[in-house]
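The values are calculated or read from the model by the stated rules, or taken from the named source; none is laboratory data. The structure displayed is predicted, hence computed values, not measured ones. Ideal geometry is used to build each Cβ from the backbone, glycine not excepted, and the neighbour counts take in all protein chains shown.
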Amino acid sequence: MFNREEYEKRVAWYQEARFGMFIHWGLYAIPARGEWVRSVEEIPEEEYLPFFDEFNPVDFEPEKWAKAAKEAGMKYAVMTAKHHDGFCLFDSKLTDFKATNTKAGKDLIREFLEAFRKEGIKVGLYYSLLDWHHPDYPHYGDWHHPMRNCEEIKDVERDFDRYLEYMHGQVKELCTQYGKLDIMWFDFSYGEMTGEAWRATELVKMVRSYQPDIIIDNRLEVSGEGFGSIATDNPGDFSGDFVSPEQIIPPNGLVSETGRDLVWEACITMNDHWGYCAKDKNFKPAAMIIKKLVECVSKNGNMLLNVGPDAKGNIPNESLKILKEIGTWMKKNALSVYGCKSSGLAKPENGRITGNGNKLYYHIMENAIGAVPLYGIPKDKVKSMRLLFDGSELKMSGGWCESNYPDVVFVNVSDTPYLPDEVDTVVEILLTEE
Ligand code: GLC
């Protein structure tokens, strides 16, 4: 039974954290055409297995990943313990198709967890409900399986219950052998493969029995599409804890039927693939990602930003550079992100507003001619204003140019046509308590 009080407690840290790292890594880093390569190109098992023999991530140093995440200001990280291809990065007793049996020779998940915990970053695991390696997972006729169109295997008998035993068993391993996990990120439901098809009530019960504080996504019911019952006022047993919009920031944030704010996390790639894709250089500029992170927060959401390490275990240089630039901004402005949420004010035309208690953070993303209008800020309640990046005082500007607009708060943030921070100059506004 859903207990709202427990729920609110469980998700409190997560809503404070706001910014996390997603890590998609596996054998697919070798073909380097994204994590769906086996499905998209309908690659048969025997043509995929050579990557298993070859996998040898000589540069794998999760400490470096953790440092990059920390520097960027990320508070949690979620890594693929198993993706759709079925390859396990952890040392599962239930399969041979695992990292410990490759040249990597170690439990990559254990090392990921240790490295990130050491940096004080909360940790989560992604676990694919789909499995294109397991013989009992539907092949022919499935929506996504690489062999979905292969007539020859049409009549092969498969025992889905046996797969479910395997899947539940692996989730149990993850929940019992790896210490405290902060997030379990199941992926994903489709068609009839949803909810109790996964024996989801039992699964969630088991997960929570070993990891009582864990936060679970909503994909035992849906995918990146759809909201699931966590978005209603009557969440079910396997509704999970947050909505997981994928490659989109909900235009108006997300609320339930009765207008209650929902907990959500937008997962976003830096380029156009989750898993490493050698030719995909379509990286979003750091400036854009910073603005989009602020957008998420201003709509009560989190951002889970993905990196896809290459076959050797390196996060691509482009991604590292982006993380660094985000970090430079975060170092000065993180107070306008962590613990912040919607301000309740309309989005102003020159930026966005986040809020935390009696503080508002006005994110100026576009400069004005002269003093900058802080749209919607209640003038009579402003106690003080500071530039967040250096703490310097900002006074309300009251020049003759502004005198026709007595209700609007204006501030002078720079004497040049350029904002002190061209991406997002944050004004911290302290309001008088009512
Ligand atoms: C999708 C994809 C997958 C990716 C995930 C991240 O559902 O199947 O490759 O891991 O989204 O949200």
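From the list ASP161, ASP142, ASP155, exactly one residue is in a loop (DSSP other than H, G, I, E, B) and more than 16 Å from the ligand (Cβ to nearest atom). Which is it?
Working: ASP161 fails: in a loop (DSSP other than H, G, I, E, B); ASP142 fails: more than 16 Å from the ligand (Cβ to nearest atom).
Testing whether each residue is in a loop (DSSP other than H, G, I, E, B) and more than 16 Å from the ligand (Cβ to nearest atom) leaves just ASP155.
Quick one: which strands (runs of 3 or more DSSP E) lie wholly within segment 357-434 and hold at least 2 residues that are of a type in the set (A, V, I, L, M) and either free of Cβ contacts under 8 Å to residues at least 40 places away in the same chain or within 22 Å of ILE326 (Cα to Cα) (or both)? Walk me through how you get there before you give the answer.
Working: elements: 359-364, 372-374, 382-387, 409-411, 425-431.
Those strands (runs of 3 or more DSSP E) span 359-364, 425-431.
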Exercise. State all residues of segment 116-131 that are away from the ligand (no atom under 16 Å from the Cβ), assigned to a loop (DSSP other than H, G, I, E, B) and more than 14 Å from the chain's Cα centre (by Cα); if no residue qualifies, say none.
Key: GLU119, GLY120
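Across segment 98-109, which residue is surrounded by the most Cβ atoms within 10 Å (Cβ to Cβ) among those that are of a type outside the set (Gly, Ala, Ser) and touching a helix residue (DSSP H, G or I) at 6+ places or on another chain (Cβ under 7 Å)?
Kept after step one, since they are of a type outside the set (Gly, Ala, Ser), are these residues of segment 98-109: 98, 100-103, 106-109.
After this cut, where a residue has to be touching a helix residue (DSSP H, G or I) at 6+ places or on another chain (Cβ under 7 Å) as well, the list is 102, 106-108.
Numbers: THR102: 20, LYS106: 14, ASP107: 19, LEU108: 26.
Only one residue fits best here, namely LEU108.
For segment 237-247, check the following and say yes or no: at least one residue is within 13 Å of the ligand (Cβ to nearest atom), under 21 Å from ASN317 (Cβ atoms) and modelled with pLDDT of 95 or more.
no
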Exercise. Restrict the check to segment 299-313 and report whether at least one residue is modelled with pLDDT of 95 or more, in contact with a strand residue (DSSP E or B) (Cβ under 6 Å, 6 or more places away or on another chain) and more than 16 Å from GLY20 (Cα to Cα).
Key: yes
Quiz item: Is it the case that segment 240-248 has a residue that's farther than 25 Å from ARG199 by Cβ, aliphatic (A, V, I, L, M), surrounded by fewer than 18 Cβ atoms within 10 Å (Cβ to Cβ) and within 14 Å of the chain's Cα centre (by Cα)?
Solution: yes
Quiz item: Out of all the residues in segment 312-342, which are of a type in the set (Gly, Ala, Ser) and part of a loop (DSSP other than H, G, I, E, B)?
Solution: GLY313, GLY339
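In segment 203-230, how many are within 15 Å of the ligand (Cβ to nearest atom), in contact with a Gly (Cβ under 9 Å, 6 or more places away or on another chain) and of a type outside the set (A, V, I, L, M)?
Looking only at segment 203-230, we keep the residues that are within 15 Å of the ligand (Cβ to nearest atom), and these are 216-228.
Subsequent filtering for residues that are in contact with a Gly (Cβ under 9 Å, 6 or more places away or on another chain) retains 216-222, 228.
Next, only the ones that are of a type outside the set (A, V, I, L, M) stay: 217-219, 221, 228.
Number of matching residues: 5.
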